[in-house]
Amino acid sequence: MGAIGGAPAIPRAGRSLPFDRLRRATWNGERIDWSAYIFILPFLVPFLVVTIGASLFGVYVSFTDWGIIGAPHWVGLKNYSRALADPWVVKTWSNTLRYGMLVVPATTLAALAMALFVNLRWRGYTFARAAFYAPNVVSVTVIGLVWVWMLDTQYGLVNQYLGRFGVPDIPWLTNPGWVLYGVALASVWWDAGFSMVVLLAGLQDIPGELRESASIDGATPFQALWHVVLPLLRPALSLVVTLLIIGTLRVFSQIYIMTNGGPAGASASVIHYVYEIGFSKYQLGYAGAISVMLFATILVVTLIQLRVFREKTW
Amino acid sequence: MVSRVTRRTALQLMGGMAGILATGVAPAIRLAGAAGKPIELVHWSWLTASDGEVWQQMIDSFNAANKDKGTQIRMEVVPDDQYGTTVLSAAATGNASDFGWGTAGLRADWVKKGVVLPLDETFKQAGVSLSDFVPAGLAASRYGGKLYMVPMDGMSLQVLLNVDHATAAGLDVSKPPQTGDELLAWAGKLTQREGDKVTRSGFLMTGSGVQPTVTWGIVAYQMGFRRASPDLKKAGVNAEAGVQAAQWVLDLFDKHRVSTRDVTDRYKAFGTGNGSMFLTGPWTLNGYVQNKLNFISFQMPKVGKDRSTYFELGGLEMYVQKDQSRLERTAQALRWLSDNSFLWTTKGRGAAMRKSILARGDYKTAGHDWKVRGAFIDGMPNAVVGEVPVSAGPDFTIYTGGGFAAKTMDPVWAKQTTPKAAVDALIQQWQADLDAG
């Protein structure tokens, strides 16, 4: 029995027509496998809501005077102009950049030295590899508390050992001139392990033949390192430096735990200031504006850095 | 018949089950909770150290005493640094806890926003009488004449003295310093140095943060400086006294050399014998007693014109609720906790805020030795340096490590600016805060 006149077709198996279309949907001529999308939903939904959504909301809030309670009121660029005139923004930006100038090169060099050492595969290298990486698995709170004790001016271990070499007590965390060095020391110890793993992976990708060829051609170990290994390690170095720059520009936990921004604001970072403004004074609009400015800074610095390190494959 | 479950069918089944769980079971749980008895009041607290343990005993005692009376308290610890945002964001949706810890004078902004509830009417309905409360405690808990907090304990800053150090220095611990000159003389005898370097502070300080800021604030008040006039119109009354007080603090480091800026953790430094006299609050007592530190307390000496000292008044506040029917039960719970605050004010933290408790014969003998906690109780009449109850109240607080006062005064202690420049900067901001109301 056929269909009567122009009556609409009944969807097969009782399914609704849109669902059927969705099931048969294609992309570039291939049928879409929706099950894959269902599998990534548990990640995608929180990511969109908590990360992307919150970030966009943060940008919106930066143009308002929102203080958690009540509706946000649009204030245009007022928060941004306030930030540009705020001496604490200048101070914290300066502190953060100086901290980055200490931590990024120091961590990269330390990680490179550790990676080169492990890559030599001398006796006990597996233990060294684990030992170098171990600090990275420790919580930053623990790292901070331990280093506060280690760097105590009066009875800290670091000064005790330095004292044996005749070095007078260094006020690592109690003097405005020294405090960034103190925090940086803890950060390098904490961060270097992860960077080492990345550099080690890069080193292990370099064929041994290249170094052998250099050696046969009369290159010293240093020349082989400088002219063969480091150029080939450029992609890994680029990644390490990029991640370190991003990490240092948004440093917070170490500073919050070790110095709370002191003494005299000498270690207050941008994020520490954002935290104070947002979570102590509840001026979320202003905190949002500073955060957006930091985001823009990170973006620009990363783009410049990627340009400098422009990746080349061999 | 063989039925084959495809991957697609399995996914659909799982999705359906998840939907059922999300839409059906969760409300069922909520309904069960709402219908269940007894009513459970939610209490947020930031107390985590030894005082937190005693407060937990208070809550346990309440629950035991009210087991058959229909009200129980569930205490949840919210970290101190997240407390404000947690309460504000929860209150915005009507989901804040029924009550929580507050500090007198610092809630003007929350009062304006309607986050904290006025208690007078609720207490009246719940039959709570305020006549037994210490008047100063009630006064500090009011904003615009209305009561917003049940004062639970008063914490004044007084001086702890390491008895072993004092005895070794030949000092009579039964006659601790009463004046600024005596304090400096004692500090001089208690200080240990190696060359120019202070290795043990006679008067324990840190180079920045809370300790120098609160010491400055107290000494400045004693010398006549006021952060705000009584009518909250003028900031920085008698600014010169504020400058003199800052110089007095600086002199501890550089002139008298009885303090060092090199102390990282002041609590630890006093506990480990790296300081002999320590201006602090009663919340430190439990820890030092437990560690068997040999110490006594004495009242803040008269450095300026009197023996005024800083105080912090802790208490319980009620937060705005969707369900108004819970308010009376909450008020009853607060009354019980206040009525039974003997344990809290003898072993827990500060001085009692109830006249009947202060008058009890065993008030001085319960809890820690009177030599240890006596100054914190007897010194309460001198504890007059409190908070300034305006929206930007935190800008005025002198007990702060990272707040406006500390950030402005820290460069003075680091010798990066002058006392006058810092005090002028304080007054400028404070005046703007007062003008904003």
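The values are calculated or read from the model by the stated rules, or taken from the named source; none is laboratory data. Computed from a predicted model, the values in this text were never measured in an experiment. FYI the Cβ positions are ideal-geometry reconstructions off the backbone, even for glycines, and counts take in every protein chain you see.
Please state which one of B:Val258, B:Val249 is on the phi < 0 side of the Ramachandran plot, in a helix (DSSP H, G or I), buried (at least 21 other Cβ atoms within 10 Å of the Cβ) and not charged (D, E, K, R).
Values: B:Val258 fails: in a helix (DSSP H, G or I).
The match here is B:Val249.
Check the range B:200-211 and report whether any residue there is farther than 19 Å from B:Val412 by Cβ, without any contact (Cβ under 8 Å) to a residue 60 or more places away in the chain and surrounded by fewer than 21 Cβ atoms within 10 Å (Cβ to Cβ).
no
Looking at B:Leu337 and the list (1) over 16 Å from B:Ala375 (Cβ atoms); (2) among the aliphatic types (A, V, I, L, M); (3) at pLDDT 95 or above; (4) not assigned by TED's automatic domain parsing to the domain that holds B:Ala104, which single condition is not satisfied?
(4)
Evaluate the range A:59-77: report whether one residue or more is assigned to a helix (DSSP H, G or I), within 13 Å of chain B (Cβ to nearest Cβ) and at pLDDT below 95.
no
Considering each of B:Thr284, B:Thr213 in turn, give the residue that is away from chain A (no Cβ under 14 Å), under 29 Å from A:Gly156 (Cβ atoms), of a type in the set (Val, Ile, Thr) and not in a strand (DSSP E or B).
None of the other options fit; the residue is B:Thr284.
All but one of (1) on the phi > 0 side of the Ramachandran plot; (2) more than 14 Å from every other protein chain (Cβ to nearest Cβ) hold for B:Lys415; state the number of the condition that does not hold.
Tallying (1) on the phi > 0 side of the Ramachandran plot; (2) more than 14 Å from every other protein chain (Cβ to nearest Cβ), B:Lys415 fails exactly one: (2).
Kindly indicate which of A:Ile170, A:Ile255, A:Ile246 is touching a residue at least 12 places away in the same chain (Cβ under 8 Å), under 19 Å from the mean Cα position of the chain (by Cα) and within 14 Å of chain B (Cβ to nearest Cβ).
Only one candidate qualifies: A:Ile255.
With a cut-off of at least 3 residues that are touching a Gly at 6+ places or on another chain (Cβ under 9 Å) and either aliphatic (A, V, I, L, M) or under 30 Å from B:Gly374 (Cβ atoms) (or both), name the helices (runs of 4 or more DSSP H) lying wholly within the range B:103-174.
Hits in the range B:103-174: B:135-140.
Among all residue pairs at least 6 apart or on different chains, which show Cβ distances below 7 Å where the first residue, located in the range B:347-366, is over 14 Å from B:Phe133 (Cα atoms) and the second is in a helix (DSSP H, G or I) and of a type in the set (A, V, I, L, M)?
B:Lys347/B:Val54; B:Gly348/B:Val54; B:Tyr363/B:Ile357
Within the range B:68-89, track down each residue that is within 13 Å of chain A (Cβ to nearest Cβ) and touching a strand residue (DSSP E or B) at 6+ places or on another chain (Cβ under 8 Å).
First, the residues of the range B:68-89 that are within 13 Å of chain A (Cβ to nearest Cβ): B:78-89.
Hits for the range B:68-89 are B:Val78, B:Tyr83, B:Thr86, B:Val87.
Is it the case that some residue within the range A:42-49 is over 30 Å from A:Thr259 (Cα atoms), within 14 Å of chain B (Cβ to nearest Cβ) and either touching a strand residue (DSSP E or B) at 6+ places or on another chain (Cβ under 6 Å) or not in a helix (DSSP H, G or I) (or both)? Before you say what the answer is, go through the steps one by one.
Step one: filter the range A:42-49 for residues over 30 Å from A:Thr259 (Cα atoms), giving A:42-49.
In the following step, the residues that additionally are within 14 Å of chain B (Cβ to nearest Cβ) were identified as A:42, A:45.
Going one step further and asking which of them are either touching a strand residue (DSSP E or B) at 6+ places or on another chain (Cβ under 6 Å) or not in a helix (DSSP H, G or I) (or both), we end up with none.
Scanning the range A:42-49, I find no residue that is over 30 Å from A:Thr259 (Cα atoms), within 14 Å of chain B (Cβ to nearest Cβ) and either touching a strand residue (DSSP E or B) at 6+ places or on another chain (Cβ under 6 Å) or not in a helix (DSSP H, G or I) (or both), so the answer is no.
Would you list the helices (runs of 4 or more DSSP H) that sit entirely within the range B:347-437 and hold 2 or more residues that are farther than 17 Å from B:Ala104 by Cβ? Walk me through how you get there before you give the answer.
Working: elements: B:355-358, B:370-378, B:393-396, B:404-413, B:419-436.
In the range B:347-437, the matching helices (runs of 4 or more DSSP H) lie at B:355-358, B:370-378, B:404-413, B:419-436.
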